[in-house]
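Derivation of every value follows stated rules applied to the coordinates shown; laboratory data play no part. Everything numeric here is computed off the predicted structure, so don't read it as measured data. In this analysis, Cβ positions are derived from the backbone assuming ideal geometry, glycine residues included, and neighbour counts consider all displayed protein chains.
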């Protein structure tokens, strides 16, 4: 089995929304987001949206697999995060060893309302 490495450039940005300022990293690629996917099989789709990473959540393989199987379940670590910028989404990057990178925009909720994957 061979391994492929993909490097995605990240550009630091400062985004201003009303009185709130966010320090983010903009990914150099745009990704298609799925709305309210039940699991990873439903992630993908149409459109290309900018991704602004606000933070990275590192999970174990078991935690990632449980998350990916049930994306609509409430999770404290997503509560109140995310949002749209007009041309992109504020996302929590979700990673685990040997798994795809997920970009989650809960839109202020506590579940994975919008999800894109890389890998």
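Details
- Spacing of the two label points (7 Å from each Cα toward its C-beta) at residue 65 and residue 29, in nm: 2.5
- Spin-label zone in the range 14-29 - amide nitrogen under 16 Å from a point set 7 Å from the Cα of residue 5 along the C-beta vector: none
- Residues of the range 65-109 falling in the label zone of residue 13, defined by backbone nitrogen less than 16 Å from a point 7 Å along Cα to beta-carbon, are 82-93, 103-105.
- Scaled to the globular estimate 2.2 N^0.38 Å, the Cα spread of the chain, given as radius of gyration, is 1.02.
- Between the range 93-119 and the range 10-83, the C-alpha centres lie 4 angstrom from each other.
- Simple label model, 7 Å out from Cα along Cβ direction - residue 72 to residue 87, nm: 3.4
- Theoretical gain in end-to-end length, residue 21 to residue 95 [0.36 nm per residue, Cα-Cα removed]: 24.1 nm
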